[in-house]
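Engineer: Take a look at the following structure, please.
Every read-out reported here was derived from the displayed coordinates using simple, explicitly stated rules and does not represent laboratory data. Here the structure is a predicted model, which means the values were calculated and not measured. Using ideal geometry, Cβ is built from the backbone for each residue, glycine included, and neighbour counts are taken over all protein chains shown.
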There are 4 protein chains.
Amino acid sequence: MVTLNTRQKFYQVIFGTQTKAGQYFDIVLIVAILCSELVLILSSVEGVATEFSHLLFVMEWLFTLLFTVEYIARLYCSPRPWAYARSFYGVIDLIAILPSYIAFLFPGSNYLLIVRLIRVMRIFRILKLARFLKDSNILLRSLLMAQRKILVFFSTVVILVTVLGALLYAIEGPDNGFTSIPASIYWAIVTITTVGYGDIVPQTNLGKTLAAFTMLLGYSILAIPTGIITAELSQEMKTQRDLVRCMNCSTSGHEDDANYCKKCGTELPEKF
Amino acid sequence: MVTLNTRQKFYQVIFGTQTKAGQYFDIVLIVAILCSELVLILSSVEGVATEFSHLLFVMEWLFTLLFTVEYIARLYCSPRPWAYARSFYGVIDLIAILPSYIAFLFPGSNYLLIVRLIRVMRIFRILKLARFLKDSNILLRSLLMAQRKILVFFSTVVILVTVLGALLYAIEGPDNGFTSIPASIYWAIVTITTVGYGDIVPQTNLGKTLAAFTMLLGYSILAIPTGIITAELSQEMKTQRDLVRCMNCSTSGHEDDANYCKKCGTELPEKF
Amino acid sequence: MVTLNTRQKFYQVIFGTQTKAGQYFDIVLIVAILCSELVLILSSVEGVATEFSHLLFVMEWLFTLLFTVEYIARLYCSPRPWAYARSFYGVIDLIAILPSYIAFLFPGSNYLLIVRLIRVMRIFRILKLARFLKDSNILLRSLLMAQRKILVFFSTVVILVTVLGALLYAIEGPDNGFTSIPASIYWAIVTITTVGYGDIVPQTNLGKTLAAFTMLLGYSILAIPTGIITAELSQEMKTQRDLVRCMNCSTSGHEDDANYCKKCGTELPEKF
Amino acid sequence: MVTLNTRQKFYQVIFGTQTKAGQYFDIVLIVAILCSELVLILSSVEGVATEFSHLLFVMEWLFTLLFTVEYIARLYCSPRPWAYARSFYGVIDLIAILPSYIAFLFPGSNYLLIVRLIRVMRIFRILKLARFLKDSNILLRSLLMAQRKILVFFSTVVILVTVLGALLYAIEGPDNGFTSIPASIYWAIVTITTVGYGDIVPQTNLGKTLAAFTMLLGYSILAIPTGIITAELSQEMKTQRDLVRCMNCSTSGHEDDANYCKKCGTELPEKF
């Protein structure tokens, strides 16, 4: 193995996920992000915000400092710091810490608190780690395989929702809550997805009949994405089982949780 | 290849989807229809309608002229213009442009704006194009195969909804919002599809018990259309995979995204 | 074939479904039941009831007379009339016609109109016919095979709903609309089935947290009945395909809509 | 078979489920628990509680005495009474009877009635029995196999719900009912699970657009748990069928309800 200098070692830990240390770093970071989000979430609750204002303030600054150190470390160990700073996650990392400092310098600008919420997006780095979990791999691959079918399905839903929304706007009109076609499309989405808030509801008989038709339609086309994903997932799981072959007798198709070959008892190669 | 005259070439582009030009024409037309719909949708929003009234007016006339030219071109190049004009899409095409002209001649008749919404139906020409996409093909074939099962399922739902609606009408009566049996059937559909607006809600204990039963029923029979479509889709996808055979060793059952035979490495024939 | 006397012929037509005439009789009866139901449904709508009262009255009596004739015919041709009269459908058939006569004799008792709704139950005779349709056969067999699994699932749902209802009653109490444990169980069913009327809604923070948990639970266990029915349906469809064998080369596993053997081209035996 | 003394025999009946007597004991106990729950549920309904107060009181004490006898019997026959008393179910068993006695000694403490609801948890002993039913076995195994996939799915849902809740809080603000981020997350869960109470509803156009996006997202990701469980269940059922082999010709893959080998007619070994 090639000996690495400090910067390269740092790089492997902070950016990489191959080493144990890198994985621990990612986990610690995720926990820190989740905790800092919790602080933000709690500081939005009126009762908590007034009672624990001091604690929340201290926590917030602790996380800001931690993320600042992390940001500087990333800049330091990155082989091309400028490229990192301009990358998507580089900008997100900066946005995650900047608002606290600006709020400190200009005390009035409390509006920046909301910008901090973007910090949430850093959690999607989890996916970088999750890619190493077999199960999320299968789920992702199934979704990617089904991608085009889901697109075809969604285009159909969008057209349906527009047509139904426009029709209901023409039938019910602004007096019954269907103030505009976009509002009616919103109603159609609320109905076809079976959410059914009940804030906009058809009043005329024709409108109710069409609404009933929309519901039954939504009810049955709900089956299509489920069918797509189930079919892809079954296929993907079958493929995965076929990939694991016994080293000794090359039997495939072992159970998902099998550790030994069902034919000859040889230990199976690890799945990845 | 036979040499085509101008009219035949036009016909191939406007009505056909086999040539590249015909496909481009369809795509341009779909975009134009979608944009003209967007103009219609936006002009239904009060704020936008008053502020951008001039722009929306110009846009609307631009699209009307475009669709008029298209309509004349279709009449010109069609081998039997009169048959086209009387066909379903011929009438829709005329309805899509007529209201604007009538509204121009008789300024008072703003009601025609709603008729223009029928223009939406022209989008279903997309399906003519979509037929060439493999994925929508599989979805459509699965739905067609499941057609009769879905019909059996829907008849059952319609009977159930009528029985439950009538029962709730008898139990709750007009005083609790169940004004008539059709209104109660509307309630039953809202409940069994799990939409649940909450505009009509049972008040008596017996009514609530029956409503709870309706919900649990809806919850479990929701599984049936999903089951039907999933089973058909899996079968269809398997069939599709079996259809693609290697030219060299005639192995079938390749992965959905495979380009080369998994046995001998020969390039696989393109799927259609 | 044995020669049948008139009574036996009548019996075969009215009770049987094997002969063409018997199937036509059933279809005519179903249409008549549906129409008479439509008359009942429409007479519950206030506007229609007052305007077309005469027409509805005549229609109602026409159907009553028709069903009376049918009832007498059934009694006449049945080998054991008394056994028929006391059977489930015999009683339903009587209930379907009696209220009209009672209402005629004692004009005040309009309440009997509701009893007539039970006439709906006669529609379930459709199932007697539907048993001959292959597709409803597959659906029914899948449901029967899944019967015990669905029972296990429903017991779990009932326990969950009771526990959650009791907890919400303890947390929210009568002041927030959770007036009793049955009312809270009603809320739990409304929530877990994702109907969500919104007539009873948790107000406290703890109640809302538990409600969110209930929703996510309902969301995921919704997957179980779907999974059960899909798995059974796939299996059933595969079995069905395996049952159809070519007479010539005995190949099985033909497509659902295949009429000729895919191996040797011989016409396949009809499925039933 | 080894001769058992009285204590051991009692132990086998009360704790065990292998013997017939043990299974009957469990069933009787489950019925008693369900009845005592019914008494508790009914005593929460105001009308019933005042009218049948005496009967409910007697029933409650009967069940309390029955469970007290059962608790003492369990302590008596258990080989390590103290270990039982401190075990999870031991504590639940005590909690199930204690409140009634405390309420008897200190008449004012009616609040203990709610604690009695924990008695419900004893029903989960059913699972101890249910483990011997093949069908719940398959359901449980499928859920266990899918465990990790469901976890990955739920983590994604939790992140999504947090992000969407925070965004809606930022967009709508406390004036439109989105009083805090937790309240907004509650809204996001209500929406993404398609429950849709309608107690909190977006008012701004941007909020409504995002809500529509949330619904469509919920609509499509609803397909994922269904897909996971269906795929696992199909696999599990196939495995189960493969496990049952004919003793004579060792053919596997028999129908779920087959009692005899489809190849040679030998009776199949019982499934467990």
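Engineer: What ranking do C:185-191, B:146-152 get when scored by the average of other Cβ atoms within 10 Å per residue, highest first? Mind dumping the intermediate values first?
Structural biologist: Details: C:185-191: 26.7, B:146-152: 18.7.
Ranked from most to least packed, the peptides come out as C:185-191, B:146-152.
Engineer: Something else about it: Give the order of B:37, B:232, A:70 when sorted by the count of other beta carbons within 10 angstrom, beginning with the fewest. Show your work: numbers first, answer last.
Structural biologist: On the way: B:37 22, B:232 27, A:70 18.
Taking fewest neighbouring Cβ atoms as first place, the list is A:70, B:37, B:232.
Engineer: Here's a follow-up. How far is residue B:6 from the same spot in each other copy, in nm, shortest first, if each label point sits 7 Å from Cα toward Cβ?
Structural biologist: Taking the point 7 Å beyond Cα along Cα→Cβ, the inter-copy spacings are 8.0, 8.1, 11.3 nm.
Engineer: Next question, about the same structure. Using a 10 Å cut-off around each Cβ of peptide A:45-56, what is the average number of partner chain Cβ atoms that fall inside? Provide the component values of the computation, followed by the final result.
Structural biologist: Details: counts 6, 3, 2, 2, 1, 0, 0, 0, 0, 0, 0, 0.
Per residue, the number of nearby Cβ atoms from other chains is 1 on average.
Engineer: What pairs in A:149/A:238; B:238/C:149; A:149/D:208; A:208/C:149; B:149/C:9 have C-alpha atoms more than 25 Å from each other?
Structural biologist: On the way: A:149/A:238 20 Å; B:238/C:149 27 Å; A:149/D:208 27 Å; A:208/C:149 37 Å; B:149/C:9 33 Å.
Beyond 25 Å between Cα atoms: B:238/C:149; A:149/D:208; A:208/C:149; B:149/C:9.
Engineer: Now, a different point. Order of B:38, A:98, C:143, A:168 from fewest to most other C-beta atoms within 10 Å?
Structural biologist: Numbers: B:38 13, A:98 16, C:143 20, A:168 27.
With the fewest neighbours first, B:38, A:98, C:143, A:168 line up as B:38, A:98, C:143, A:168.
Engineer: Would you mind listing the distances between the residue D:83 label point and the same position in each other copy? Use 7 Å along Cα-to-C-beta, nm, one decimal, shortest first.
Structural biologist: Copy-to-copy label distances for residue D:83: 6.3, 6.3, 8.9 nm.
Engineer: For region C:174-221, go through all pairs of different Cα atoms, get the mean of 1/r, take its inverse, and jot down that Kirkwood value in Å. Spell out each step's value before the answer.
Structural biologist: On the way: mean 1/r = 0.0929 Å⁻¹.
When all Cα pairs of region C:174-221 are included, the Kirkwood radius is 10.8 Å.
Engineer: List the trypsin sites (Lys or Arg not before Pro) in region A:18-104 that DSSP assigns to loop (not H, G, I, E or B) and whose Cβ has at most 10 other Cβ atoms within 10 Å. Which are they?
Structural biologist: Numbers: sites: A:20, A:74, A:86; in loops: none.
Here no trypsin sites (Lys or Arg not before Pro) fit, given the DSSP loop and packing criteria.
Engineer: Other chains near C:77-89: what is the mean number of their Cβ atoms within 10 Å of each residue's Cβ?
Structural biologist: On the way: counts 0, 0, 0, 0, 0, 0, 0, 0, 0, 0, 0, 0, 0.
Mean partner shielding for this stretch: 0.
Engineer: Moving on. Across peptide D:163-170, how many C-beta atoms of other chains are within 10 Å of each residue C-beta, on average?
Structural biologist: On the way: counts 7, 0, 3, 10, 4, 0, 4, 7.
Across the residues of D:163-170, the mean count of other-chain Cβ atoms within 10 Å is 4.
Engineer: What ³J(HN,Hα) values, in whole Hz, does the Karplus curve 6.51 cos²θ - 1.76 cosθ + 1.60 give for region B:55-61 when θ = phi - 60°, with x put for Gly and Pro?
Structural biologist: Per-residue couplings from phi come out as 4, 4, 4, 4, 4, 4, 6 Hz.
Engineer: One quarter of the convex hull surface, Cα atoms only: what value does that give for region C:22-90 in nm²? Could you put the intermediate results ahead of the total?
Structural biologist: On the way: hull surface 21.5 nm².
About 5.4 nm², averaged over all directions.
Engineer: Here's a follow-up. Treating only the Cβ of Lys, Arg, Asp and Glu as charged (+1, +1, -1, -1), what charge dipole size does region D:138-243 show about its Cα centre? Round to the nearest 20 debye.
Structural biologist: Numbers: 6 positive and 6 negative charges, 81 e Å.
Magnitude of the dipole: close to 380 debye.
Engineer: Going by how many other Cβ atoms sit within 10 Å of their own, how do A:175, B:93 line up, fewest first? All intermediate terms of the calculation are to be shown ahead of the outcome.
Structural biologist: Working: A:175 8, B:93 23.
Ascending Cβ contact count within 10 Å gives the list A:175, B:93.
Engineer: Also, quick follow-up: How far is the Cα center of region A:1-79 from the Cα center of region A:165-236, in Å?
Structural biologist: 43 Å
Engineer: Any chance you could list the semi-axes, whole Å, largest first, of the equivalent ellipsoid that the Cα gyration tensor gives for region B:138-250, using √(5λ)?
Structural biologist: Working: eigenvalues 368, 27, 18 Å².
Its equivalent ellipsoid spans semi-axes of 43, 12, 10 Å.
Engineer: Another question about this same structure. Quick one: with label points 7 Å out along Cα→Cβ, list the inter-copy distances for residue D:176 in nm, shortest first?
Structural biologist: List, nearest first: 2.5, 2.5, 3.5 nm.
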